[in-house]
Amino acid sequence: MFYQTYQSPLGMILMLGNTKNLIGLYFQTQQDFHKLQSQHSKKELPIFTQTIQWLDLYFSGKTPSFMPPLQLDSTNFRLHVWQILQTIPKGETTTYKQIAKIITKEKGLAKMSAQAVGGAVGANPIAIIIPCHRVIGANNNLVGYAGGITIKKKLLELEGLDISILKNP
């Protein structure tokens with residue numbers, strides 16, 4: 001696996017990938033940023049060029065019309081949650097509880113804990129592109145983001161969301 005960095009308006013972002021797929025996208029404020037960077041070799045790859053193009057469009061306020069190829073290796077539950085995250089429209093939010101309801105309906109389950117969904121959302125390895133920042137807590141509580149609440153707010157604001165309706169827990 002290889003890495004490249006991207007200087008975003010919100011700070012340095014680490015891109016991890018192999019020769020074909022993006023495997024990780026992490027803000028410098030995330031706990032494992034430096035550890036992940038030190039474990040891989042820096043290399044310029046087409047996947048990083050595509051990801052940079054995607055990020056440039058996103059940070060300029062546009063909605064990219066393409067998705068860099070992703071490689072996601074995890075449990076079926078996490079993969080399912082990450083798939084749902086990708087359906088949340090830019091500038092909109094959902095809650096952990098709403099995602100749990102979607103899964104219970106799709107799987108025919110009696111119930112599911114929002115905390116289980118929160119664990120899967122928190123394990124998302126590809127920030128921004130898999131938009132875990134669009135998930136908020138009940139009653140519009142602004143909770144949980146591996147890159148930090150400040151970055152989460154700025155991402156939502158960049159997407160045109162009125163963040164004044166969100167509450168800090």
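With a threshold of 24 Å on the Cα-Cα distance, the over-threshold entries among Lys62/Lys154; Lys20/Lys97; Lys90/Lys154; Lys62/Lys152; Lys42/Lys153; Lys20/Lys105 are Lys20/Lys97; Lys42/Lys153; Lys20/Lys105. Go ahead and set up a Gaussian network model of the chain, Cα springs under 10 Å, then flag whichever of Gln28, Gln115, Gln98 fluctuates most. The residue with the greatest mean-square fluctuation here is Gln115. When each of the peptides 61-74, 120-133 is scored by the mean number of other C-beta atoms lying within 10 Å of its residues, the order from highest to lowest reads 120-133, 61-74.
Solvent-accessible area assigned to carbon and sulfur over the chain amounts to 50 percent, based on a 1.4 Å probe.
For the stretch 76-165, what value does the Rg/Rh ratio take when both radii are computed over Cα atoms and Rh is the Kirkwood radius, given to two decimals? Present the calculation step by step, with values, prior to reporting the outcome.
Numbers: Rg = 12.4 Å, Rh = 13.1 Å.
So for the stretch 76-165, dividing Rg by the Kirkwood Rh gives 0.95.
Only helical runs count toward this figure. For the chain, summing -39,500 (n - 2.57) over DSSP H runs of n ≥ 4 and dividing by all residues gives -10500 deg cm²/dmol at 222 nm. Once the GluC sites (Glu not before Pro) in DSSP loops with at most 12 neighbouring Cβ atoms within 10 Å are cut out of the chain, the longest remaining piece is 93-169.
Where Rh is the Kirkwood radius over the Cα pairs of the stretch 22-113, the temperature 25 °C and the viscosity 0.890 mPa s, what D in µm²/s does Stokes-Einstein return? Estimated diffusion coefficient is 154 µm²/s.
Here's the picture: charge each Lys and Arg Cβ at +1 and each Asp and Glu Cβ at -1 in the chain, and of Leu79, Gly119, Thr104 the one pushed furthest to the positive end of that dipole is Thr104. Extents of the stretch 2-60, taken as max minus min of Cα coordinates on every principal axis and listed largest first, are 31, 26, 14 Å. Geometric descriptor of the stretch 117-169, per residue, is 72 Å³ (volume of the convex hull of the Cα atoms).
P(r) tail for the chain: Cα pairs beyond 20 Å make up 52% of the total. Take the Cα of Thr19, go 7 Å toward its beta carbon, and the backbone nitrogen atoms of the stretch 25-46 under 14 Å from that spot belong to 44-46.
For the stretch 1-46, the relative contact order is 38 percent, taking Cα pairs closer than 8 Å that sit 6 or more residues apart in sequence and dividing their mean separation by the residue count.
The values are calculated or read from the model by the stated rules, or taken from the named source; none is laboratory data. Note that the structure is predicted; figures quoted are calculated from it, not measured. Ideal geometry is used to build each Cβ from the backbone, glycine not excepted, and the neighbour counts take in all protein chains shown. Side chains included, ligands, DNA and RNA excluded: accessible areas come from the protein's heavy atoms. Shrake-Rupley method; radii C 1.70, N 1.55, O 1.52, S 1.80 Å.
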